[in-house]
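The values are calculated or read from the model by the stated rules, or taken from the named source; none is laboratory data. As the structure is a prediction and not an experimental result, all values here were calculated from the model. Reconstructed Cβ throughout: ideal geometry from the backbone, glycine too, with neighbour counts over all protein chains shown.
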C-alpha cells in the first residue's frame, strides 16, 4: 500500500526540489558566465585538486562526482582538450586510467574558485541564519549517510 505524502510533506518536498534545482542552476550559470565551465567540470577539478599528487583513478572520480563512467569519460575528454587534465594509464591496473590535474587546470580552478565561493555564500549561506545553516548541515549529512554517498 502506498504511503502518500501528507500536505505538509508534499509542501516540504516541492520546496526542497525547487530550491535545490534553482541553487544548482544558478551556481552552474554563474560558473559558465564567469569561468567558462559547468559546475560538473568545476567539481571534477576540485576533486582532483584535493587528491594526492592531483591524480585519481577515473572510476573513483566517477563515484565521488556521482557520474556514470561514460559521462565522466566525456567530461574528461573536454577537460583534456582544454588542457586542464590529462589521462594516464594506471600503473597498477592495465584496464584503469588516472585523471591528472594539470598546472593549467589548477590555475583555472584557482581563478574560478573565488567567484564560485562568493556565489555559494550569496545564494545559500547569506539567506540563512546560523541556526538554519547548522540545521541544513545536519539534515544534509543525515540524507547523505542514508543514501550512501560521499
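Looking across region 100-112, the residues that are over 18 Å from residue 39 (Cα atoms) and surrounded by 14 or more Cβ atoms within 10 Å (Cβ to Cβ) come down to 100, 102.
Taken together, the criteria exclude residue 143 from residues that are without any contact (Cβ under 8 Å) to a residue 12 or more places away in the chain, surrounded by 13 or more Cβ atoms within 10 Å (Cβ to Cβ) and assigned to a helix (DSSP H, G or I). Each residue in region 113-128 was checked for being within 20 Å of residue 20 (Cα to Cα) and under 19 Å from the mean Cα position of the chain (by Cα), and 11 of them qualify. If you take the residues of region 113-140 that are free of Cβ contacts under 8 Å to residues at least 24 places away in the same chain and outside any helix (DSSP H, G or I), which of them is surrounded by the fewest Cβ atoms within 10 Å (Cβ to Cβ)? The residue in question is 129. Of all the residues that make up region 1-27, how many are under 30 Å from residue 74 (Cα atoms), in contact with a helix residue (DSSP H, G or I) (Cβ under 7 Å, 6 or more places away or on another chain) and free of Cβ contacts under 8 Å to residues at least 12 places away in the same chain? Qualifying residue count, region 1-27: 0.
For residue 102, indicate whether it is touching a strand residue (DSSP E or B) at 6+ places or on another chain (Cβ under 9 Å) and modelled with pLDDT of 95 or more.
The answer is yes for residue 102.
For region 73-81, the condition of being under 17 Å from the mean Cα position of the chain (by Cα) and either on the phi > 0 side of the Ramachandran plot or not in a helix (DSSP H, G or I) (or both) holds for none of the residues.
Conditions tested, residue by residue: (1) in a helix (DSSP H, G or I); (2) touching a strand residue (DSSP E or B) at 6+ places or on another chain (Cβ under 9 Å); (3) at pLDDT 95 or above; (4) surrounded by 14 or more Cβ atoms within 10 Å (Cβ to Cβ).
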{"site": "9", "(1), (2), (3), (4)": "yes, no, yes, no"}
{"site": "20", "(1), (2), (3), (4)": "yes, no, yes, no"}
{"site": "28", "(1), (2), (3), (4)": "yes, no, yes, yes"}
{"site": "43", "(1), (2), (3), (4)": "yes, no, yes, yes"}
{"site": "62", "(1), (2), (3), (4)": "yes, no, no, yes"}
{"site": "70", "(1), (2), (3), (4)": "yes, no, no, no"}
{"site": "86", "(1), (2), (3), (4)": "no, yes, yes, yes"}
{"site": "91", "(1), (2), (3), (4)": "no, yes, no, no"}
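Restricting 110, 32 to residues that are within 15 Å of the chain's Cα centre (by Cα), farther than 22 Å from residue 149 by Cβ and either at pLDDT 95 or above or in a helix (DSSP H, G or I) (or both) narrows the list to 32.
Within this structure, residue 101 passes the test of being in contact with a helix residue (DSSP H, G or I) (Cβ under 8 Å, 6 or more places away or on another chain) and in contact (Cβ under 8 Å) with a residue 40 or more places away in the chain.
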